[in-house]
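Worksheet: one structure, shown below.
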Amino acid sequence: MADVSDRVKSMPPYLFSVIQKKKKELEASGMDIIDLGIGAPDLPTPAFIIDRLVEETKKPNNHRYSTYHGCTEFREAVAAYYKRCYNVEVDPETEVLTLIGSKEGIAHMIMAMMNPGETALIPDPGYPVYRSAVHLIGGDSVYLPLDTSGSYEPKFSEISRETYETTKLMLLNYPSNPTAATTDFNTFLKAVTLARQHDFSLIHDAAYSDLTFKGYKAPSILQVEGAKDVAVEFGSLSKTFNMTGWRIGYAVGNKAMIKALSIVKSNMDTCQFLPIQKAAAEALNSDFSTVRESIAIYEERMEIVLAALKEIGITVEPPKGTFFIWAPVPEGYTSSGFAEKMLVDAGVIITPGPAFGPSGEGYFRLSLSVDTDRLKQAMERMKTFYTKGVQEWIKK
Ligand SMILES: *Cc1c(COP(=O)(O)O)cnc(C)c1O
């Protein structure tokens with residue numbers, strides 16, 4: 001048997017693949033499963049982006065390797081987007097890097113910044129990639145507690161001075177996956193101040209920055225004066241433009257961090273297919289009307305879910321961002337017990353909160369990325385589950 005590395009051996013299985021396996025088994029046994037565990041949009045990529053991809057794909061010059069740090073058109077589109085949306089100036093040559101999705105970018109940035117044995121502060125609950133990436137390079141994760149009473153703001157004051165002094169990197173993510181929490185400029189100001197004071201670097205994962213509701217506009221950490229001295233922000237086309245499978249994102253901010261990331265990456269990959277970068281530039285340079293259309297769809301779905309949850313006694317504040325609902329499990333259940341019950345007895349997949357860290361216990365995440373009919377059906381099943389328990393009728 002191949003003897004794989006200790007770091008790989010000690011990796012917990014990626015929770016989402018465990019659930020997908022269980023789903024397949026139940027479907028094979030004839031059950032109709034509604035998957036509200038998915039962390040990706042169900043909506044199609046807007047046509048104008050596909051059109052540009054097709055056009056660029058026909059040009060032989062675009063069939064070659066891209067430059068390592070990405071084509072100029074894409075990096076300039078990112079810089080123009082920062083100027084337009086946040087009034088932040090960034091140099092597309094030295095402060096912007098093209099990524100093959102922000103997930104690889106974040107993981108490789110952790111590799112570029114940390115030595116084995118060093119510490120990263122990561123949000124709890126938070127996106128599981130942060131912890132896995134720190135583990136894979138032999139670093140230690142320390143949980144940054146979030147205010148679980150509702151705001152999910154970082155509780156910076158609960159971290160000791162010693163921990164701050166040994167911290168190499170702090171990760172933040174607003175609007176948040178999984179909690180759908182949003183934040184304001186002041187939180188970023190505090191984070192930047194702490195980073196300067198204790199000499200650590202900051203990563204802000206802004207994967208949902210443009211999926212916001214009801215007039216809320218998510219701030220960029222780079223709007224904080226001096227943020228570029230300590231921080232890099234990661235953006236992605238995946239959720240904003242329904243482009244998860246295209247694999248395109250970007251890193252923006254501190255020159256030294258961007259440089260370090262590009263050194264790691266240039267030894268591992270050779271950037272993204274040029275037509276994808278150009279189509280993504282087209283998206284970022286657009287008027288974002290397609291993004292507003294997606295938002296309207298998520299808002300409609302959100303109302304269905306929030307109303308149904310209310311009927312069964314779960315009150316959730318309407319989120320101001322992402323396409324997730326983060327809700328408490330009913331009394332008498334653990335998160336995983338409830339998720340298991342919902343899957344086996346109601347045929348609905350939800351994600352148990354602890355998949356995102358220990359503070360997720362007592363909560364579940366539900367995704368709004370299924371159409372309204374299916375969503376209504378899922379909520380009906382959930383309601384019936386609450387009142388009657390096991391449902392024979394879901395078995396086809
Ligand atoms: C989806 C997601 C990402 C990764 O997006 P890609 O750009 O597709 O790699 C990063 N962070 C969070 C919090 C996400 O939910």
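Values in this text are rule-based calculations from the coordinates and carry no lab data. The shown structure was predicted, so the numbers you read here are calculated from the model rather than taken from an experiment. Heads up, the Cβs are rebuilt from the backbone with ideal geometry, glycines too, and the neighbour counts pull from every protein chain shown.
Quick look at the values:
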quantity	calculated
Whole-Hz ³J(HN,Hα) from phi, Karplus 6.51 cos²θ - 1.76 cosθ + 1.60, for region 198-209, glycine and proline x	10, 6, 10, 9, 10, 10, 10, 8, 10, 4, 10, 4
Length-normalised contact order of the chain in % [C-alpha pairs under 8 Å, at least 6 apart]	24 percent
Charge dipole magnitude, Cβ of K and R +1, D and E -1 - region 255-396, Cα centre, debye nearest 20	340 debye
³J(HN,Hα) computed for each position of region 22-37 - Karplus, 6.51 cos²θ - 1.76 cosθ + 1.60, integer Hz, glycine/proline x	4, 4, 4, 4, 5, 5, 5, 7, x, 7, 8, 9, 9, 9, 9, x
Tail weight of P(r) past 29 Å, computed on alpha-carbon pairs of the chain, percent	45 percent
Residue of VAL232, VAL344, VAL96 that the Gaussian network model of the chain assigns the largest fluctuation, springs spanning Cα pairs under 10 Å	VAL344
Nearest-ten-degree value, helix 47-57 long axis tilted from longest Cα axis of the chain	50 degrees
Estimated dipole of the chain in Debye, rounded to 20 [Cβ of Lys and Arg +1, of Asp and Glu -1, Cα centre]	560 debye
Top of ASP287, ASP91, ASP345 by mean-square fluctuation, Gaussian network on the chain, Cα under 10 Å	ASP287
Percent antiparallel among DSSP beta bridges (both partners in region 47-284, rounded to 5)	35 percent
Cα-based convex hull volume of region 264-396 per residue, rounded to whole Å³	182 Å³
Cα centroid of region 256-317 to Cα centroid of region 54-125, whole Å	14 Å
Residues of type lysines that LYS217 reaches as a straight line, Cα spacing below 28 Å, ignoring anything fewer than 8 places off in the same chain	LYS83, LYS103, LYS155, LYS190, LYS228, LYS239, LYS255, LYS278, LYS310, LYS320
